[in-house]
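Below is one structure, written out as structure tokens, with a few remarks after it.
The values are calculated or read from the model by the stated rules, or taken from the named source; none is laboratory data. Values in this document were obtained by computation on a predicted structure and should not be read as measured data. Virtual Cβ from ideal backbone geometry, glycine too; neighbours counted across all protein chains shown.
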Amino acid sequence: MKDQELSEIIGTAYQSNGMVEMLAKAGYSDIAIQYYMQKPYMGALADADQVSEMTGTCGDTMAVYLKVNDNVVDDVRYEVMGCAGAVSAAMAAVDLVKGKTIEEARRLADGDVFRVLQEIPVKKHHCIQLAVKALHKTIDEYQQKK
């Protein structure tokens, strides 16, 4: 993705304060930066079928809201109290499971999210694990209720 395209996606307000540049210098790919800046799946789902929460070893905390319709993941939202790595990993996880069967979503692996993000700083790889584990926990608890 070119800088001009990224600027259009994210908006000039963030460009002017240097956030994108800081994230890029820290080792985040354009797609990871886009997920962090846009936060397309951030927030609660009022009609979620399951809500679960998990805190990672670093203290980042994620709440996952899962909506299932006919055994298919209809929607997922994350509330994330954490860093850019945690936010971008959670947002990428949603894109990977939305529209999949609940069984397919449960097979999401850390490597799947990493491939979407392309690059995040090595010291933030645990954020991917947290996003995946939090989603797995939510799916497991949803299936236990059924």
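Residues of segment 117-136 that are closer than 14 Å to residue 96 by Cβ and surrounded by 15 or more Cβ atoms within 10 Å (Cβ to Cβ): 117, 128, 131, 132, 134, 135, 136. The set of residues in segment 41-58 being over 13 Å from residue 142 (Cβ atoms) and in contact (Cβ under 8 Å) with a residue 12 or more places away in the chain consists of 41, 42, 43, 44, 47, 53, 54, 56, 57, 58.
The combined condition, being at pLDDT below 95 and among the aliphatic types (A, V, I, L, M), is not fulfilled by residue 31. Picking from 77, 107, 115, which residue would you name as being of a type outside the set (Asp, Glu) and in contact with a Gly (Cβ under 7 Å, 6 or more places away or on another chain)? The match here is 77.
Of all the criteria given as (1) in contact with a helix residue (DSSP H, G or I) (Cβ under 6 Å, 6 or more places away or on another chain); (2) farther than 21 Å from residue 142 by Cβ; (3) free of Cβ contacts under 8 Å to residues at least 24 places away in the same chain, the one not satisfied by residue 81 is (1).
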